[in-house]
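One structure is given below, encoded as C-alpha cells.
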Amino acid sequence: MPGAVEGPKWKQAEDIRDIYDFRDVLGTGAFSEVILAEDKRTQKLVAIKCIAKKALEGKEGSMENEIAVLHKIKHPNIVALDDIYESGGHLYLIMQLVSGGELFDRIVEKGFYTERDASRLIFQVLDAVKYLHDLGIVHRDLKPENLLYYSLDEDSKIMISDFGLSKMEDPGSVLSTACGTPGYVAPEVLAQKPYSKAVDCWSIGVIAYILLCGYPPFYDENDAKLFEQILKAEYEFDSPYWDDISDSAKDFIRHLMEKDPEKRFTCEQALQHPWIAGDTALDKNIHQSVSEQIKKNFAKSKWKQAFNATAVVRHMRKLQLGTSQEGQGQTASHGELLTPVAGGEEQILQNGMGGPQRGTWAEVEALPLQPALFSLPMQGRQLAVAVETAA
C-alpha cells in the first residue's frame, strides 16, 4: 500500500474534559496514560489514551500515517479506534472499551472447557487476522495476552488488541524488523530473514497450542537456547497433556507451526481446516489439566503487562453496568472495548519466556505507532511490547 494514507482529521479541543468525564486511570506509561472516561453526550464509556506530544517530536508524520491506517480497521473481533483529539500538549486516542477481561482468566474460571471452545476462539482470531492481512497489515505480536473478551457474557466474542507493532506491507516489499515476543515469534524473524504475513500464522499456531495444553511449546530459561528451539521448530505434544487431544488439532497446529513460511498455512487455509471448519474438535472436558497448567505457567504476576484488563472488569462491576453488549451498535450507552496502556521510551527485554520457571519479562513500554523504534538487534535479546494504539 502507498506510504501516504488519507486518514482522519484530528479534532481540536480546548479541554478534552469538556467532552469526556474522566472516571479513573486504567494504566500509565512514561509518556501516556489510559483513562476510563464517559462521553458526556452519549454516556458511552470509552478508554482514552492520552499521549504527550513531546514523545512524538520528529515523528509526527509517521504517527499520523499509522493512526490513519489503524483508523480504517473495522472488524467485530478487533479493538477499534473511534476518534482522535488534539488539545494543548496531548493527543487523545478515543478507544472502544472491552469489559470482558483476559483470555486466560476466563478459561481458568470456567468449569467446563473443550477443544471445541478452543477451536471457536482460534476461528475468531483467524478471521480477524485474515481481515488484517487482506488490508496488507501484519500484526507481528499476536499472543494470548493480546486477546481480550468483549464483555462479561458467557458467550462473549474475543477481541484482538495491541497494535503497537503492526506494520503495513508495501506492494512487493518484505518486512525485516526484528520484533515480537519471544516464545510466539516465528523462526524467520529470529533468523533475521525477511518475513511476511506468515509470521502471524505461526503465532496463531503457538496460541492454539497453549489453548489446548496450558503451557508454551518452547521453553528455556536461557534466551539463546529458547531461540534455538524456535529456529529449529522443535516442539512436542507431550504426554499426558496431549493424550486426550485429537489428531486433527495436532495436525492443525503442525500446519501453522511449520518452520518453512512458504509451506505454512495462511489464515485462509487454516480457516478451511476440519478442526476449524468441520466437526473434528472434541467436546471432552479438558478444563482441569489446561487450567492447572495456565495457572502454573502464566501467573499474572509474571505477565508484567502495563495494563491489567481486570481493572476494567472491576470498574464495570462497580458501576453496575449491564453485560449484554453483544450486538449493540456504535451508539451503545456502555462502551465496548479497551486498550492496554503503552507509551514512553523503548526498553529491551533481558529474559526469555514469561511465567514461572520460564524466566521473567522486564516490563516493557514502547512509543505507540512507531515501528521504526523496533529495529533492534536480535543477539540474545528481544523486544516485547504492551502497546495498544488502535485496532
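The values are calculated or read from the model by the stated rules, or taken from the named source; none is laboratory data. Note that this is a predicted model, so its numbers are computed, not measured. Note: ideal-geometry Cβ built from the backbone for every residue, glycine included; neighbour counts use all protein chains shown.
Remarks
- G214 being within 27 Å of L148 (Cα to Cα) and touching a Ser or Thr at 6+ places or on another chain (Cβ under 8 Å): yes
- For region 4-15, the criterion of a residue being assigned to a strand (DSSP E or B) and at pLDDT below 85 is satisfied by no position.
- Selected residue (criterion: farthest from V189 (Cα to Cα)) from residues of region 225-252 that are touching a Leu at 6+ places or on another chain (Cβ under 8 Å) and either assigned to a helix (DSSP H, G or I) or among the aliphatic types (A, V, I, L, M) (or both): I245
- Subset of region 194-211 that is modelled with pLDDT under 85 and not small (G, A, S) - its residue that is farthest from S291 (Cα to Cα): P194
- Residue, farthest from Y209 (Cα to Cα), within region 274-295, restricted to residues that are part of a helix (DSSP H, G or I) and among the hydrophobic types (A, V, I, L, M, F, W, C): A277
- The single residue among E86, E33, E38 that is over 23 Å from L148 (Cα atoms), modelled with pLDDT of 75 or more and in a strand (DSSP E or B) turns out to be E86.
- Residue match in region 159-179 (condition: in contact with an Asp or Glu (Cβ under 9 Å, 6 or more places away or on another chain) and modelled with pLDDT of 90 or more): yes
- Inter-residue pairs, beta-carbon under 9 Å, first basic (K, R) and modelled with pLDDT under 85 and in region 45-68, second surrounded by fewer than 24 Cβ atoms within 10 Å (Cβ to Cβ) and part of a helix (DSSP H, G or I), 6+ apart: K53/E60; K59/A372; K59/L373
- Checklist (1) at pLDDT 80 or above; (2) surrounded by fewer than 24 Cβ atoms within 10 Å (Cβ to Cβ); (3) over 17 Å from the mean Cα position of the chain (by Cα) applied to A191, failing item: (1)
- Yes/no for L142 being outside any loop (DSSP other than H, G, I, E, B) and modelled with pLDDT under 90: no
- Failed condition for F112, given (1) buried (at least 24 other Cβ atoms within 10 Å of the Cβ); (2) in contact with a strand residue (DSSP E or B) (Cβ under 6 Å, 6 or more places away or on another chain); (3) within 30 Å of H273 (Cα to Cα): (1)
- If you go through region 256-273 and keep only what is part of a helix (DSSP H, G or I) and out of contact with any helix residue (DSSP H, G or I) (no Cβ under 7 Å at 6 or more places or on another chain), you end up with just Q269.
- Contact map, region 213-235: residues that are at positive phi and in contact (Cβ under 8 Å) with a residue 40 or more places away in the chain paired with residues that are part of a helix (DSSP H, G or I) and small (G, A, S), Cβ distance under 7 Å, separation 6+ or inter-chain. Pairs shown: G214/S289; G214/S291.
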